[in-house]
Amino acid sequence: IMSRKFFVGGNWKMNGDKKSLGEIINTLNSAKLDPNTEVVCGAPSIYLDFARSKLDPKIGVAAQNCYKVAKGAFTGEISPAMIKDCGVNWVILGHSERRWVFGETDELIGQKCAHALENGLGVIACIGEKLDEREAGITEKVVNAQTKHFADNIKDWSKVVLAYEPVWAIGTGKTASPAQAQEVHDKLRQWVKANVSAEVGNSVRIIYGGSVTGGTCKELASMADVDGFLVGGAALKPEFVDIINAKQ
Ligand code: PGA
(Lines give C-alpha, C1' and ligand atoms only; values in the text may rest on other atoms or scores of the structure.)
Protein backbone atom coordinates (compact mmCIF):
# COMPACT_ATOMS: atom_id res chain seq x y z
CA ILE A 1 0.00 0.00 0.00
CA MET A 2 1.24 3.41 -1.00
CA SER A 3 1.00 5.97 1.76
CA ARG A 4 -1.34 8.85 1.12
CA LYS A 5 -0.98 11.93 3.32
CA PHE A 6 -4.19 12.47 5.28
CA PHE A 7 -5.93 15.63 4.03
CA VAL A 8 -8.46 17.66 6.01
CA GLY A 9 -10.17 20.61 4.38
CA GLY A 10 -12.38 23.06 6.19
CA ASN A 11 -15.10 24.68 4.12
CA TRP A 12 -16.24 27.82 5.87
CA LYS A 13 -18.82 28.48 3.12
CA MET A 14 -20.49 31.91 3.49
CA ASN A 15 -20.03 32.04 7.25
CA GLY A 16 -18.22 34.12 9.80
CA ASP A 17 -16.64 37.53 9.93
CA LYS A 18 -13.14 38.74 10.73
CA LYS A 19 -13.83 38.39 14.43
CA SER A 20 -15.19 34.84 14.46
CA LEU A 21 -12.90 33.55 11.69
CA GLY A 22 -10.00 35.20 13.50
CA GLU A 23 -10.94 33.16 16.56
CA ILE A 24 -10.99 29.84 14.71
CA ILE A 25 -7.69 30.81 13.06
CA ASN A 26 -6.15 31.50 16.49
CA THR A 27 -7.43 28.13 17.71
CA LEU A 28 -5.82 26.34 14.76
CA ASN A 29 -2.57 28.27 15.03
CA SER A 30 -2.13 27.39 18.68
CA ALA A 31 -3.41 23.79 18.54
CA LYS A 32 -1.30 20.69 18.36
CA LEU A 33 -2.00 19.47 14.81
CA ASP A 34 -0.89 16.09 13.53
CA PRO A 35 2.11 16.90 11.29
CA ASN A 36 1.09 13.97 9.07
CA THR A 37 -2.16 15.72 8.13
CA GLU A 38 -2.35 18.30 5.35
CA VAL A 39 -4.78 21.02 6.45
CA VAL A 40 -6.49 23.54 4.17
CA CYS A 41 -9.15 26.12 5.12
CA GLY A 42 -11.67 27.22 2.49
CA ALA A 43 -12.37 30.91 3.03
CA PRO A 44 -14.95 33.21 1.43
CA SER A 45 -13.24 35.05 -1.43
CA ILE A 46 -13.33 38.40 0.34
CA TYR A 47 -11.46 36.85 3.29
CA LEU A 48 -8.82 34.92 1.33
CA ASP A 49 -6.19 37.57 1.96
CA PHE A 50 -7.22 37.84 5.61
CA ALA A 51 -7.12 34.07 6.14
CA ARG A 52 -3.77 33.71 4.37
CA SER A 53 -2.19 36.53 6.37
CA LYS A 54 -3.44 35.21 9.74
CA LEU A 55 -3.15 31.42 9.41
CA ASP A 56 0.11 29.72 10.25
CA PRO A 57 1.99 29.07 6.98
CA LYS A 58 1.80 25.31 7.57
CA ILE A 59 -1.98 25.53 7.11
CA GLY A 60 -3.15 25.93 3.53
CA VAL A 61 -5.95 28.16 2.27
CA ALA A 62 -8.48 27.37 -0.45
CA ALA A 63 -10.88 29.51 -2.42
CA GLN A 64 -14.38 28.06 -2.58
CA ASN A 65 -14.77 28.65 -6.30
CA CYS A 66 -13.10 30.37 -9.25
CA TYR A 67 -13.79 31.18 -12.87
CA LYS A 68 -12.47 29.39 -15.95
CA VAL A 69 -10.39 32.20 -17.46
CA ALA A 70 -7.66 34.52 -16.18
CA LYS A 71 -9.36 37.90 -16.46
CA GLY A 72 -11.97 39.94 -18.25
CA ALA A 73 -15.51 41.24 -18.12
CA PHE A 74 -16.94 38.67 -15.71
CA THR A 75 -18.52 40.74 -12.97
CA GLY A 76 -18.38 39.08 -9.57
CA GLU A 77 -15.96 36.31 -10.51
CA ILE A 78 -12.39 35.65 -9.35
CA SER A 79 -9.60 33.93 -11.28
CA PRO A 80 -6.96 31.41 -10.20
CA ALA A 81 -4.36 34.11 -10.92
CA MET A 82 -6.00 36.39 -8.34
CA ILE A 83 -6.25 33.54 -5.84
CA LYS A 84 -2.55 32.80 -6.27
CA ASP A 85 -1.76 36.50 -5.99
CA CYS A 86 -3.19 36.32 -2.46
CA GLY A 87 -0.78 33.51 -1.62
CA VAL A 88 -3.57 30.95 -1.75
CA ASN A 89 -2.82 27.59 -3.38
CA TRP A 90 -6.07 25.64 -3.47
CA VAL A 91 -9.60 25.91 -4.82
CA ILE A 92 -12.70 23.86 -4.09
CA LEU A 93 -14.57 23.07 -7.33
CA GLY A 94 -17.85 21.34 -8.03
CA HIS A 95 -19.19 21.63 -4.51
CA SER A 96 -22.81 20.48 -4.38
CA GLU A 97 -23.95 23.98 -3.42
CA ARG A 98 -22.31 25.32 -6.60
CA ARG A 99 -24.00 22.55 -8.60
CA TRP A 100 -27.46 22.61 -7.05
CA VAL A 101 -27.92 26.17 -5.71
CA PHE A 102 -26.06 27.99 -8.49
CA GLY A 103 -26.65 25.60 -11.38
CA GLU A 104 -23.04 24.87 -12.33
CA THR A 105 -22.79 22.12 -14.91
CA ASP A 106 -20.24 19.32 -15.16
CA GLU A 107 -18.94 21.02 -18.30
CA LEU A 108 -18.30 24.37 -16.59
CA ILE A 109 -16.79 22.69 -13.54
CA GLY A 110 -14.45 20.74 -15.81
CA GLN A 111 -13.33 23.92 -17.58
CA LYS A 112 -12.69 25.59 -14.22
CA CYS A 113 -10.67 22.57 -13.11
CA ALA A 114 -8.45 22.60 -16.19
CA HIS A 115 -7.82 26.34 -15.88
CA ALA A 116 -7.14 26.20 -12.13
CA LEU A 117 -4.60 23.37 -12.56
CA GLU A 118 -2.92 25.10 -15.51
CA ASN A 119 -2.44 28.11 -13.25
CA GLY A 120 -0.87 26.12 -10.46
CA LEU A 121 -3.74 25.78 -8.00
CA GLY A 122 -4.48 22.51 -6.28
CA VAL A 123 -8.08 21.41 -6.79
CA ILE A 124 -10.43 19.84 -4.26
CA ALA A 125 -12.76 18.19 -6.78
CA CYS A 126 -16.20 17.52 -5.28
CA ILE A 127 -18.65 14.87 -6.38
CA GLY A 128 -21.63 13.17 -4.77
CA GLU A 129 -25.06 11.72 -5.35
CA LYS A 130 -28.40 13.12 -4.21
CA LEU A 131 -30.71 11.12 -1.98
CA ASP A 132 -33.05 10.06 -4.81
CA GLU A 133 -30.07 8.84 -6.79
CA ARG A 134 -28.83 6.74 -3.87
CA GLU A 135 -32.31 5.35 -3.37
CA ALA A 136 -32.53 4.53 -7.07
CA GLY A 137 -29.28 2.55 -6.77
CA ILE A 138 -27.33 4.77 -9.18
CA THR A 139 -24.77 6.27 -6.76
CA GLU A 140 -21.84 4.63 -8.51
CA LYS A 141 -23.00 5.71 -11.95
CA VAL A 142 -23.51 9.31 -10.79
CA VAL A 143 -20.17 9.73 -9.03
CA ASN A 144 -18.27 7.98 -11.82
CA ALA A 145 -19.79 10.34 -14.40
CA GLN A 146 -18.92 13.39 -12.27
CA THR A 147 -15.39 12.06 -11.78
CA LYS A 148 -15.01 11.51 -15.53
CA HIS A 149 -15.83 15.18 -16.20
CA PHE A 150 -13.03 16.13 -13.83
CA ALA A 151 -10.65 13.48 -15.16
CA ASP A 152 -11.09 14.67 -18.75
CA ASN A 153 -9.74 18.03 -17.55
CA ILE A 154 -6.83 16.82 -15.40
CA LYS A 155 -3.33 16.29 -16.78
CA ASP A 156 -1.51 16.19 -13.43
CA TRP A 157 -3.33 14.37 -10.64
CA SER A 158 -0.68 15.18 -8.05
CA LYS A 159 -2.49 18.45 -7.32
CA VAL A 160 -5.98 16.98 -7.13
CA VAL A 161 -7.88 15.71 -4.11
CA LEU A 162 -11.17 13.96 -4.83
CA ALA A 163 -13.91 14.80 -2.31
CA TYR A 164 -16.83 12.39 -2.09
CA GLU A 165 -19.68 14.35 -0.57
CA PRO A 166 -23.10 12.71 -0.72
CA VAL A 167 -25.57 15.58 -1.04
CA TRP A 168 -27.94 14.00 1.50
CA ALA A 169 -25.19 14.12 4.11
CA ILE A 170 -24.17 17.76 3.67
CA GLY A 171 -25.38 20.04 6.42
CA THR A 172 -28.00 17.51 7.47
CA GLY A 173 -26.35 15.87 10.46
CA LYS A 174 -26.71 12.54 8.60
CA THR A 175 -23.10 11.43 8.23
CA ALA A 176 -22.57 8.53 5.84
CA SER A 177 -21.69 5.43 7.82
CA PRO A 178 -18.05 4.37 7.64
CA ALA A 179 -19.14 1.37 5.54
CA GLN A 180 -21.13 3.56 3.14
CA ALA A 181 -18.21 5.94 2.69
CA GLN A 182 -15.68 3.13 2.29
CA GLU A 183 -17.83 1.39 -0.34
CA VAL A 184 -18.02 4.48 -2.55
CA HIS A 185 -14.37 5.45 -1.99
CA ASP A 186 -13.27 1.95 -2.97
CA LYS A 187 -15.38 2.06 -6.14
CA LEU A 188 -14.02 5.52 -6.99
CA ARG A 189 -10.45 4.33 -6.55
CA GLN A 190 -11.18 1.37 -8.81
CA TRP A 191 -12.65 3.74 -11.39
CA VAL A 192 -9.52 5.94 -11.30
CA LYS A 193 -7.27 2.88 -11.58
CA ALA A 194 -9.18 1.63 -14.60
CA ASN A 195 -9.72 4.96 -16.34
CA VAL A 196 -6.66 7.04 -15.42
CA SER A 197 -3.89 4.74 -14.21
CA ALA A 198 -3.11 2.28 -11.46
CA GLU A 199 -0.52 4.69 -10.11
CA VAL A 200 -2.94 7.61 -9.84
CA GLY A 201 -5.59 5.31 -8.38
CA ASN A 202 -3.19 4.32 -5.63
CA SER A 203 -1.92 7.81 -4.90
CA VAL A 204 -4.97 10.09 -5.19
CA ARG A 205 -6.45 11.19 -1.90
CA ILE A 206 -10.19 10.49 -1.69
CA ILE A 207 -11.70 12.46 1.16
CA TYR A 208 -15.19 12.27 2.62
CA GLY A 209 -17.50 15.20 3.30
CA GLY A 210 -20.97 15.45 4.81
CA SER A 211 -21.70 16.16 8.47
CA VAL A 212 -18.30 15.04 9.68
CA THR A 213 -17.90 15.84 13.39
CA GLY A 214 -15.43 15.25 16.18
CA GLY A 215 -17.64 12.32 17.12
CA THR A 216 -17.78 10.61 13.72
CA CYS A 217 -14.31 11.34 12.33
CA LYS A 218 -12.21 8.61 13.95
CA GLU A 219 -14.21 5.65 12.73
CA LEU A 220 -14.47 7.14 9.24
CA ALA A 221 -10.71 7.82 9.23
CA SER A 222 -10.04 4.15 10.01
CA MET A 223 -11.51 3.07 6.66
CA ALA A 224 -8.87 1.96 4.16
CA ASP A 225 -9.88 4.34 1.38
CA VAL A 226 -10.91 7.37 3.44
CA ASP A 227 -7.90 9.67 3.13
CA GLY A 228 -9.32 12.64 4.96
CA PHE A 229 -12.31 14.95 5.11
CA LEU A 230 -13.96 18.05 3.77
CA VAL A 231 -15.70 19.64 6.72
CA GLY A 232 -18.36 22.35 6.73
CA GLY A 233 -20.13 23.18 9.98
CA ALA A 234 -17.58 21.56 12.28
CA ALA A 235 -14.73 23.46 10.60
CA LEU A 236 -16.01 26.60 12.31
CA LYS A 237 -15.69 25.04 15.75
CA PRO A 238 -12.75 24.02 17.93
CA GLU A 239 -13.62 20.36 17.23
CA PHE A 240 -12.03 20.87 13.79
CA VAL A 241 -8.76 20.20 15.60
CA ASP A 242 -10.02 16.74 16.61
CA ILE A 243 -10.97 16.05 12.98
CA ILE A 244 -7.50 17.09 11.78
CA ASN A 245 -6.07 14.66 14.33
CA ALA A 246 -8.54 11.84 13.52
CA LYS A 247 -6.11 9.46 11.86
CA GLN A 248 -4.60 7.06 14.37
P1 PGA B 1 -21.01 19.84 6.44
O2 PGA B 1 -20.53 20.39 5.00
O3 PGA B 1 -19.80 19.28 7.11
O4 PGA B 1 -21.57 21.04 7.14
O5 PGA B 1 -22.04 18.78 6.16
C6 PGA B 1 -19.59 19.66 4.25
C7 PGA B 1 -19.35 20.33 2.93
O8 PGA B 1 -20.29 20.90 2.35
O9 PGA B 1 -18.21 20.33 2.43
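Size of the chain from its Cα atoms: along the principal axes, largest to smallest, the extents are 44, 43, 34 Å. For Tyr67, the residues whose amide H sits under 5 Å from its own are Ile78, Ser79, ignoring neighbours fewer than 5 places away on the same chain, with H placed 1.01 Å from N.
Protein heavy-atom surface of the chain, 1.4 angstrom probe: 52% of the accessible area is carbon and sulfur, with nucleic acids and ligands not counted.
Taking Glu133, Glu199, Glu104 as the candidate residues, the one with maximal mean-square fluctuation in a Gaussian network model of the chain, Cα springs under 10 Å, is Glu199.
Counting alpha carbon pairs within less than 8 Å and at least 6 residues apart, what relative contact order, in whole percent, applies to the chain? This gives 22 percent for the chain. For segment 30-101, the dipole from Cβ point charges (+1 on Lys and Arg, -1 on Asp and Glu) about the Cα centre works out to 100 debye, to the nearest 20.
Listed by chain and number, the aspartates and glutamates placed with their C-alpha closer than 15 angstrom to that of Lys84 are Asp49, Glu118; residues fewer than eight positions away on the same chain are left out.
Positive end of the dipole of the chain (Cβ unit charges, origin at the Cα centre): among Met82, Met223, Ser3, the Cα lying farthest that way belongs to Met82.
Just to verify a number: FRET efficiency for Ala224 and Lys71, C-beta to C-beta distance, R0 = 51 Å, to 0.05? Using R0 = 51 Å, I get an efficiency of 0.75.
Cross-link pairs exceeding 18 Å in C-alpha to C-alpha distance, out of Lys68/Lys155; Lys5/Lys247; Lys141/Lys247; Lys112/Lys187; Lys5/Lys130, comprise Lys141/Lys247; Lys112/Lys187; Lys5/Lys130.
The values are calculated or read from the model by the stated rules, or taken from the named source; none is laboratory data. Keep in mind it's a predicted model, so treat the numbers as computed, not measured. A quick note on method: Cβ atoms are made from the backbone with ideal geometry, for glycine too, and the neighbour counts reach across all protein chains shown. Areas reflect the complete protein model, heavy atoms only, side chains present, ligands, DNA and RNA absent. Shrake-Rupley method; radii C 1.70, N 1.55, O 1.52, S 1.80 Å.
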